[in-house]
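Quick notes on the structure that follows.
Readers should treat all values here as calculations from the given coordinates under stated rules, not as data from a laboratory. The structure presented is a predicted model; accordingly, all values stated were derived computationally and were not measured. For neighbour counting, all protein chains shown are included, and Cβ atoms are generated from backbone atoms with ideal geometry for every residue, glycine included.
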Amino acid sequence: MKPTTEVEGIVLSVQDYRESDGIIRLLTQDKILSILARGIQKQTSKNRMITQVFSHVRYTIEQKENGLSLLYYGNVIDSHYKIMEDLMKSSICFVLAEVITRFHGNPTIYMLFDKCLKEFQNDDAKAYNYACLLLAQIIQKEGIAPFVDGCILCKRKDHLETLSVTDGGFLCTTCNHDRILPRSKQEMIQIRSLFKANEKDFTQLNEMFAFNLDDFIFWVEWLEKCIHFNVSSLKFLKSVQTLTW
């Protein structure tokens with residue numbers, strides 16, 4: 001057997017490959033690995049159960065610098081099986097997985113995605129907080145975070161009343177001219193806190209605020225509009241949202 005190494009991470013996606021193989025996208029602490037899993041489309045495959053989407057796994061692989069690494073065997077640390085039984089939860093996690101795959105990962109992204117999965121597995125509404133924090137981290141990394149230190153047009157710091165996607169930040173009452181519906185003071189504070197929070201602030205932010213599905217969709221759409229990136233799984237999530245109303 002060729003030299004092997006152990007890797008631990010979260011399965012973002014599994015793509016069918018050739019007749020019975022699959023390609024796994026595995027989010028680790030600092031990167032995304034592409035791993036060839038031979039024969040996993042077969043019901044008799046020993047590796048079939050360790051390649052389920054959103055599972056937290058540990059693999060033994062033949063890692064290659066160029067090309068696909070090869071899966072030998074592994075074990076499941078946490079399956080998060082309840083997520084796949086819930087259409088809404090799984091749809092949200094597929095959106096996150098698509099976004100992470102497009103923009104890559106880092107230790108903070110890994111931690112937030114892991115927290116999000118665990119909260120959804122435990123039916124905790126705080127999962128939306130971690131999901132929005134994850135999106136905010138990616139938005140900041142891409143340099144498209146909204147300006148939240150004042151009005152983006154006149155820079156005044158008082159009488160701020162809404163957030164403009166077109167202008168890219170907060171607007172005051174004067175600059176808004178009733179173009180965009182005002183947001184509540186609580187909403188404005190919540191948005192600012194989301195983009196000002198460092199990792200040491202995540203626990204406090206999680207205790208102070210309660211984000212929801214609408215917040216999550218808003219920030220995915222912010223990504224789409226600011227860098228012209230189409231999140232294909234978002235359309236399905238919106239259809240699920242419509243069905244649940």
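A few comments on the model shown:
- Gyration tensor verdict on the chain (Cα atoms; rounded if a/c is under 1.5, prolate if a/b is larger than b/c, oblate otherwise): prolate
- The chain: relative contact order as a whole-number percent, Cα under 8 Å and 6+ apart: 15 percent
- Isotropically averaged projected area of region 120-207, using the convex hull of Cα atoms (one quarter of hull area), nm²: 6.5 nm²
- Using C-alpha pairs under 8 Å with a sequence gap of at least 6, the mean separation divided by the residue count of region 45-180 gives a relative contact order of 13 percent.
- Gain in span if fully extended, GLN29 to GLU6, counting 0.36 nm per residue against the direct Cα distance: 7.0 nm
- Annotation for ASN66 and GLU224: the two label points, set 7 Å from Cα along the Cα-Cβ direction, are 3.8 nm apart.
- Long pairs among LYS31/LYS200; LYS126/LYS200; LYS141/LYS196; LYS185/LYS238; LYS89/LYS235, criterion Cα-Cα beyond 20 Å: LYS31/LYS200; LYS185/LYS238
- Once you reduce region 167-190 and region 41-114 to the center of their Cα atoms, the two points are 39 Å from each other.
- In the chain, excluding the sites themselves, the longest stretch lacking any of the GluC sites (Glu not before Pro) that are in a DSSP loop with at most 10 other Cβ atoms within 10 Å is 86-245.
- Residue among GLN52, SER90, THR101 farthest towards the positive dipole end of region 37-101, charges placed on Cβ: GLN52
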